[in-house]
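J.: My structure is below; once you've seen it, I'll send some questions.
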Amino acid sequence: MPLGTLDRSPPAFFKQGPSAVSKLLLFSALSVLLMVADVRFGVTQPLRSALSVVLYPVQWLAMRPQALAEYSSDYVEARDVAQAAERVARQQLLVQARRSGQVEQLALENRQLRELLNLRERLDSTGFAAEVLYDAADPYTRKLIIDKGLAQGVKASAPVMDEFGILGQVTRVLPLVSEVTLVTDREHSIPVLNTRTGARGVAYGESGGAPLLELRFMATNADIEVGDLLSTSGVDGIYPPGVPVAKVTKVERRAETAFARILCEPLGHVQGARHVMVLTPLNEQMPVRPHIEKPQPIANAKGGRR
């Protein structure tokens, strides 16, 4: 073969391209250019959208093991909680069933005693449910607004309670909403009965920062202890008797005064109630008070009156 016909160019393995430094500078400049263009003009946003659509199935599949593990953990935890709640509910049901039998027996004995003593039957309070909308805007009072008013039959002075006890009473009725003054308001008072001793008293809203009640005008030597339960006495004709109101939390007996300072914690959720029951005032269920005519003066023999 003649030497002039040979290819004198080096093989591909020995070809020399751009240097590594040149490539670094080129791609660095290109990266900076793309970043600036993306920040200022958003040129890569369509590309990102397309890539997100393409990669979504891959991401979904990659997240399945974690989602399955979380679902299994939540399922097991929810099952345990549900089983525990069911056990507690069954125990409470048994207790309530036993108490219901006792209540029926006591109600029968009470009815027989009332018939024996010729006393009238106790009044049963009726009511309807309402939802708390918001707290009143006045920071110096403790009131809340419910979603029932004149259109639903709410009446002024109607007692309001939740599943734990008395919350207060309706003090203002509007066509669609009503204002409820809580038992912790400083202008509110409620007659109560100590369920342990049977002593009656009046609980007033505490004007301090904490939502408490104060049982006033109780002598320093009165038989009252921390933990005593106070319920409505029913003597005011507003609140039905026997509804829980508060629990005594502090008793201060001071020598310089004749009355003890007794603080009570309300049993109703005065700060977190969402659903309440509006009761009918007892005075609307009581019989009408008979009208007593004034005696006429008796005329004497001389035509005068005495």
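J.: Filter the range 244-282 for residues that are small (Gly, Ala, Ser) and surrounded by 15 or more Cβ atoms within 10 Å (Cβ to Cβ) and give the result.
T.: Ala246, Ala260, Gly268, Ala273
J.: Continuing with this model, one more query. Quick one: how many residues across the range 238-277 are of a type in the set (Gly, Ala, Ser), closer than 19 Å to Thr184 by Cβ and in contact (Cβ under 8 Å) with a residue 24 or more places away in the chain?
T.: Summing the residues that are of a type in the set (Gly, Ala, Ser), closer than 19 Å to Thr184 by Cβ and in contact (Cβ under 8 Å) with a residue 24 or more places away in the chain in the range 238-277 gives 3.
J.: Also, quick follow-up: Of the residues Arg79, Arg98, Arg90, only one is in a helix (DSSP H, G or I), at pLDDT below 85, surrounded by 10 or more Cβ atoms within 10 Å (Cβ to Cβ) and of a type in the set (Lys, Arg); which?
T.: That would be Arg98, the only listed residue that is in a helix (DSSP H, G or I), at pLDDT below 85, surrounded by 10 or more Cβ atoms within 10 Å (Cβ to Cβ) and of a type in the set (Lys, Arg).
J.: Checking Thr197 against (1) closer than 27 Å to Leu133 by Cα; (2) surrounded by fewer than 14 Cβ atoms within 10 Å (Cβ to Cβ); (3) in contact with an Asp or Glu (Cβ under 9 Å, 6 or more places away or on another chain), which single condition isn't satisfied?
T.: (1)
J.: Return a yes/no flag: does the range 143-161 have any residue that is surrounded by 22 or more Cβ atoms within 10 Å (Cβ to Cβ) and farther than 26 Å from Glu131 by Cβ.
T.: No, the conditions are met nowhere in the range 143-161.
J.: Give me the pairs: first residue in the range 198-219 and in contact (Cβ under 8 Å) with a residue 40 or more places away in the chain and over 15 Å from Val251 (Cα atoms), second residue buried (at least 19 other Cβ atoms within 10 Å of the Cβ) and of a type in the set (Val, Ile, Thr), beta-carbon distance under 6 Å, and six or more apart or on different chains, which are they?
T.: Short answer, once both residue conditions are applied: Gly205/Thr184; Pro211/Thr184; Pro211/Val270.
The values are calculated or read from the model by the stated rules, or taken from the named source; none is laboratory data. The shown structure was predicted, so the numbers you read here are calculated from the model rather than taken from an experiment. Please note: Cβ atoms are built from the backbone with ideal geometry, for glycine as well, and neighbour counts cover all protein chains shown.
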